[in-house]
Amino acid sequence: MKEIIQDNKFVELTYQVIDRKSGHVLTAVEFPLGYVHGANTPLSTRVTEELAGKSVGDVIQVPIDCDRLYGPRDESLVFTDHIENVPEEYREIGTTIVMENEKGETRDFVVTRVDEKTLTVDGNNPLCGRAVVFLLEILTVRDATDEEIEAGGKIDADPEIEEILRDIQ
């Protein structure tokens with residue numbers, strides 16, 4: 001009998017996020033993502049809800065309107081400054097900069113543009129304004145251990161020090 005995804009089941013899966021308009025893969029997990037269903041929600045609630053009742057080998061597509069998930073794009077979260085005002089370590093596209101407002105709240109900004117004179121950062125979630133599809137493949141479904149339920153994911157045993165020393169010799 002196949003195990004199905006339900007609360008307190010350990011699940012491993014891989015996924016891609018595909019832009020519905022262009023068909024481009026925006027992101028893909030390199031290694032399987034493991035979690036305990038009902039104890040942890042590593043993906044959006046909408047995606048997790050769609051996984052319930054599925055089993056190993058199932059491949060599902062979950063369309064997501066990212067404006068509903070992350071809110072609409074806010075152009076007031078896009079800033080451009082003179083390059084000389086930005087420390088060297090932040091002058092690369094894709095770099096994340098954590099900024100804090102006067103209330104002590106933090107937000108991640110990503111460097112989206114760099115040229116000889118300016119640098120632009122964007123505080124919007126990169127998926128804002130997009131309609132995407134999560135393409136998920138379920139690799140493992142099994143009963144989670146009590147420790148995994150408490151942690152929300154897989155608990156790996158610590159390697160023995162002798163194994164580590166043997167591997168580096």
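Looking at the stretch 68-86, which of its residues are closer than 18 Å to V111 by Cβ and either among the small types (G, A, S) or surrounded by 11 or more Cβ atoms within 10 Å (Cβ to Cβ) (or both)? It would help to see each step written out before you state the result.
Step one: filter the stretch 68-86 for residues closer than 18 Å to V111 by Cβ, giving 73-86.
Across the stretch 68-86, the qualifying residues are R73, D74, S76, L77, V78, F79, T80, D81, I83, V86.
Applying the set (1) of a type outside the set (S, T, Y); (2) assigned to a strand (DSSP E or B); (3) not assigned by TED's automatic domain parsing to the domain that holds T140 to I64 leaves exactly one unmet item: (3). Being touching a His at 6+ places or on another chain (Cβ under 7 Å) and farther than 25 Å from Y15 by Cα holds for only one residue in T118, T106, and it is T118.
Within the stretch 45-62, if we keep just the residues that are more than 24 Å from M1 (Cα to Cα) and free of Cβ contacts under 8 Å to residues at least 40 places away in the same chain, the residue that is surrounded by the fewest Cβ atoms within 10 Å (Cβ to Cβ) turns out to be T45.
Residues in the stretch 18-39 that are surrounded by 17 or more Cβ atoms within 10 Å (Cβ to Cβ) and part of a strand (DSSP E or B): I18, G34, Y35, V36, H37.
Screening V98, V141 for residues that are at pLDDT 90 or above and either surrounded by 14 or more Cβ atoms within 10 Å (Cβ to Cβ) or in contact with a Lys or Arg (Cβ under 7 Å, 6 or more places away or on another chain) (or both) leaves exactly one candidate, V141.
Restricting the first member to the stretch 77-97 and to residues that are without any contact (Cβ under 8 Å) to a residue 40 or more places away in the chain, and the second to residues that are of a type in the set (D, E, K, R) and in a helix (DSSP H, G or I), the beta-carbon pairs closer than 8 Å and six or more apart or on different chains are T95/E89. Look at the stretch 101-113: where a residue is assigned to a loop (DSSP other than H, G, I, E, B) and a partner is surrounded by 12 or more Cβ atoms within 10 Å (Cβ to Cβ) and not polar (S, T, N, Q), sitting 6+ places away or on another chain with Cβ atoms under 9 Å, you get N101/R107. Within the stretch 77-106, the residues that satisfy the criterion of being in contact with a strand residue (DSSP E or B) (Cβ under 6 Å, 6 or more places away or on another chain) and within 17 Å of L127 (Cβ to Cβ) are V78, T96.
Would you check if G34 is on the phi > 0 side of the Ramachandran plot and touching a residue at least 12 places away in the same chain (Cβ under 8 Å)? For G34, the condition - on the phi > 0 side of the Ramachandran plot and touching a residue at least 12 places away in the same chain (Cβ under 8 Å) - is not met.
The values are calculated or read from the model by the stated rules, or taken from the named source; none is laboratory data. The model shown is predicted, which means the values in this text are computed figures rather than measured ones. Glycine also receives a Cβ, built like all others from the backbone with ideal geometry; neighbour counts cover every protein chain displayed.
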